[in-house]
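Everything on this sheet refers to the single structure shown next.
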């Protein structure tokens, strides 16, 4: 019986991916809000900012879930948490 690597995912990868996705979605919302608040922006610009942000979050989430080593994955999660804390605490 041949076992493929993608049959099961380690628990730490699931936790890291979910943590990153939560922080990433918050950062995408902040980015969309900042794009909306700029002067002379069209609706397409706001949509583009949101879609690009979601695409980046999606790609990085897949990398964390399947490919990145634990140190890099948790480093990205920590950097995302620090960015969310810094951006949401700013005045």
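The values are calculated or read from the model by the stated rules, or taken from the named source; none is laboratory data. All of these numbers come straight from a predicted model, not from anything done at the bench. When we count neighbours, we look across all protein chains shown, and the Cβ atoms used for this are built from the backbone with ideal geometry, even at glycine.
Brief remarks on what is shown
- Across the stretch 6-52, the number of residues qualifying as part of a loop (DSSP other than H, G, I, E, B) and touching a residue at least 60 places away in the same chain (Cβ under 8 Å) comes to 0.
- Residues in the stretch 61-75 that are in contact (Cβ under 8 Å) with a residue 24 or more places away in the chain and either within 13 Å of residue 15 (Cβ to Cβ) or not in a helix (DSSP H, G or I) (or both): 61, 64, 65, 70, 73, 74.
- Test result for residue 71, surrounded by fewer than 14 Cβ atoms within 10 Å (Cβ to Cβ) and under 12 Å from the mean Cα position of the chain (by Cα): no
- Verdict on residue 87 being in a helix (DSSP H, G or I) and either touching a strand residue (DSSP E or B) at 6+ places or on another chain (Cβ under 9 Å) or at pLDDT 95 or above (or both): no
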